[in-house]
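The values are calculated or read from the model by the stated rules, or taken from the named source; none is laboratory data. Please read all numbers here as calculations on a predicted model, not as lab measurements. Positions of Cβ are generated from backbone atoms using ideal geometry, with glycine treated the same way; all protein chains shown enter the neighbour counts.
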Amino acid sequence: MLKLSILEEFKVKEAQKKSITYTDYFRLINLIKNDIGKEDVSPKRLHHLFLALTFSLKYTSNDIPENFVRMNSNILITNSEHKKQRIRIVYPGELESNDDYSIYSLLGFVCLGLKEGEDVTYFNGEKLKQVRIEKIISH
């Protein structure tokens, strides 16, 4: 089932609920609180992440299904150009390689909370793009 989620610099026009752990939820909420007012963080990004977290389905770490993308998940995606790419969703400041995407990045934001086999369509400011979560490699 394709769920359409179009984002215009994190402006959600039709949102799907994300599934996250309580641990990730509380850490991200605290991160947002600490980053409010910082010049290098877009208020829109914080606002839309806050909304997504607020309306997310929350699980304990033991109860979240293994097929959902979480913080620090290594995943294999297919992009709009049908190219496969391995990425890891990380907290800001924890980027270690070119495969790492901050939760504040558009790609990190749209992938968090999706499950294997799910597609998401989003607007990157120039054109519509689509990503498919092919496989969760590790959490």
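Per-structure values
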{"item": "Residue match in region 51-68 (condition: part of a helix (DSSP H, G or I), modelled with pLDDT under 95, surrounded by fewer than 19 Cβ atoms within 10 Å (Cβ to Cβ) and of a type in the set (A, V, I, L, M, F, W, C))", "result": "yes"}
{"item": "Failed condition for R88, given (1) closer than 23 Å to K44 by Cβ; (2) surrounded by 15 or more Cβ atoms within 10 Å (Cβ to Cβ)", "result": "(1)"}
{"item": "Count of residues meeting criterion [at pLDDT 95 or above and touching a strand residue (DSSP E or B) at 6+ places or on another chain (Cβ under 9 Å)] in region 25-50", "result": "2"}
{"item": "Condition met for V41 (in contact with a helix residue (DSSP H, G or I) (Cβ under 6 Å, 6 or more places away or on another chain), assigned to a loop (DSSP other than H, G, I, E, B), among the hydrophobic types (A, V, I, L, M, F, W, C) and crowded, with 16+ Cβ neighbours inside 10 Å)", "result": "yes"}
{"item": "Filter result for E126 (part of a loop (DSSP other than H, G, I, E, B), of a type in the set (D, E) and surrounded by fewer than 17 Cβ atoms within 10 Å (Cβ to Cβ))", "result": "yes"}
{"item": "Selected residue [touching an Asp or Glu at 6+ places or on another chain (Cβ under 9 Å) and touching a residue at least 12 places away in the same chain (Cβ under 8 Å)] from L76, L28", "result": "L76"}
{"item": "Lone qualifier among S19, S73 - being surrounded by 14 or more Cβ atoms within 10 Å (Cβ to Cβ), small (G, A, S) and modelled with pLDDT under 95", "result": "S19"}
{"item": "Test for V131: is it touching a Cys at 6+ places or on another chain (Cβ under 7 Å) and either surrounded by fewer than 18 Cβ atoms within 10 Å (Cβ to Cβ) or in contact (Cβ under 8 Å) with a residue 40 or more places away in the chain (or both)", "result": "yes"}
{"item": "Residue, nearest to S56 (Cα to Cα), within region 100-117, restricted to residues that are touching a residue at least 24 places away in the same chain (Cβ under 8 Å) and touching a Lys or Arg at 6+ places or on another chain (Cβ under 7 Å)", "result": "G113"}
